[in-house]
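Only one structure is covered here, and it is reproduced in the block below.
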């Protein structure tokens, strides 16, 4: 061995943990990107001052701890109007098309605490499509979904989201859509009305509806290529003919099979349209 | 400090070059990119701290002045030889053991995303001794821990001389924890990369 450094968590130990979590808690992380997953697990071990064996023991014997573990390893960092240029592109290139529908169903897959769902709700409101649109937000983390349903955000967060909003090209300001009390901002109830948050695991769950638009941004980065392809299949089958698929700006459809099934609408923002077959 | 044979030999056999820089490093990195020979025969990975909604045209500017193909990193992209990669703003860049990039939007490290530590630490595991890493000017201590991990894994590690760095904190933090094999002035860095 060249390395003198004692590894905190070896690749083999990480695999052992993945097996254990699948067996005891039913979540399958085997096709998650390893570098990122490993970093998250090490972070937990360091915060909790746990060795690999402590961690294994707690994961098996403490149900409450698993939720904490899940919160840590599924990255729940999100923003409203993250990548403002994306929302600008949706407004210019996708909304004119969506507005021709009687009913518009949107799916934010991997929605975490709901920031993207509410950003889309605000966008639909600003473009006059709110009353005929419905937005589904799904995630594997039930605690995050509870947060999302509340639609309450700290003022500190709203301030940083407001900067994104300014760049998105929408009129007015972000706070027009919130009721502010003390140090928290609550999304207006009419915006919440057309949203639904529920549990869905992209790795193991099936199609549940047909959508005009699916947004799954900065979720694929946590998956290995084979799993990405499997989920693309799920999205393809969940889209209405000519429906839109939105991915994160640094993510891309790498599979040749699916490159043929989607037309690129905006290559910088990674917005695709399902080709009718 | 003159360039000894050890440093030159380690640089020559490196398959990857990692460069981390923050405040005060932009011009230096630009000149490094500009001066690479067309037959560098290594992959170069550059992490520069950038603001999240500040869509600078770094890639464009760099690409126009480089003899080697240069691109912004996308997720799951396979690292190719003789290519310069720039870490995108608002993501961490990690390196998988199969030699591809993986992005991550988790919390900022030292108020930075991209964080130099995150990339350096994953590179240490993925590349082991097969790389050279340089930490340049910057106003915080991102990159120091990552550089140490690279050094522990047998990489050649270099810190810019804090005395000539526009912002000395970053290289200084690395030197203080003994993460740098060599402390070089920018002229010496240019000289080494020409070998």
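Any read-out appearing in this document is the output of simple, stated calculations on the displayed coordinates, not a laboratory observation. Note that the structure is a prediction, hence the values are computed from the model and not measured. Don't worry about glycine lacking a Cβ; one is built from the backbone with ideal geometry, like all the others, and counts go over all protein chains shown.
Summary of values
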{"quantity": "Mean-position separation - Cα centroids, segment B:1-53 and segment B:121-142, in angstrom", "calculated": "11 Å"}
{"quantity": "Nitroxide proxy distance, nm - points 7 Å out along Cα→Cβ at residue B:164 and residue B:152", "calculated": "3.1 nm"}
{"quantity": "Pair residue A:47, residue A:198: separation of 7 Å Cα→Cβ label points (nm)", "calculated": "3.0 nm"}
{"quantity": "Kirkwood Rh and Cα Rg combined as Rg/Rh, segment A:11-73", "calculated": "0.90"}
{"quantity": "Length-normalised contact order for chain B - Cα pairs under 8 Å, 6+ apart - percent", "calculated": "22 percent"}
{"quantity": "Projected area, mean over directions - the protein assembly as shown, Cα convex hull, nm²", "calculated": "23.3 nm²"}
{"quantity": "Shielding score for B:64-77, defined as the mean number of other chain Cβ atoms within 10 Å", "calculated": "3"}
{"quantity": "Neighbour-count order for A:107, B:11, fewest beta carbons within 10 angstrom listed first", "calculated": "B:11, A:107"}
{"quantity": "Mean separation of Cα contacts under 8 Å, 6 or more apart, over the residue count of segment A:116-219: relative contact order %", "calculated": "38 percent"}
{"quantity": "Within 10 Å of each Cβ in B:91-100, the average number of Cβ atoms from other chains", "calculated": "4"}
{"quantity": "C-alpha center-to-center spacing [segment A:205-255, segment A:87-132] in angstrom", "calculated": "17 Å"}
{"quantity": "Relative contact order, percent, chain A [alpha-carbon distance under 8 Å, six or more residues apart]", "calculated": "17 percent"}
{"quantity": "Whole-angstrom gap from segment A:15-66 to segment A:151-181, using each part's C-alpha centre", "calculated": "36 Å"}
{"quantity": "Shape of segment A:84-274, Cα gyration tensor, a/c cut at 1.5", "calculated": "prolate"}
{"quantity": "Shape call, chain B: gyration tensor on alpha carbons, a/c limit 1.5", "calculated": "rounded"}
{"quantity": "222 nm mean residue ellipticity, helices alone, for chain B (DSSP H n ≥ 4; -39,500 (n - 2.57); rounded to 500)", "calculated": "-9500 deg cm²/dmol"}
{"quantity": "Packing-based exposure ordering (other Cβ within 10 Å, fewest first) of A:21, A:90", "calculated": "A:21, A:90"}
{"quantity": "Cut-off 11 Å (backbone N to label point 7 Å along Cα→Cβ of residue A:127), residues of segment A:193-225", "calculated": "A:213"}
{"quantity": "Packing-based exposure ordering (other Cβ within 10 Å, fewest first) of A:57, A:177", "calculated": "A:57, A:177"}
{"quantity": "Shielding by partners, peptide B:104-111 (average Cβ within 10 angstrom, other chains)", "calculated": "5"}
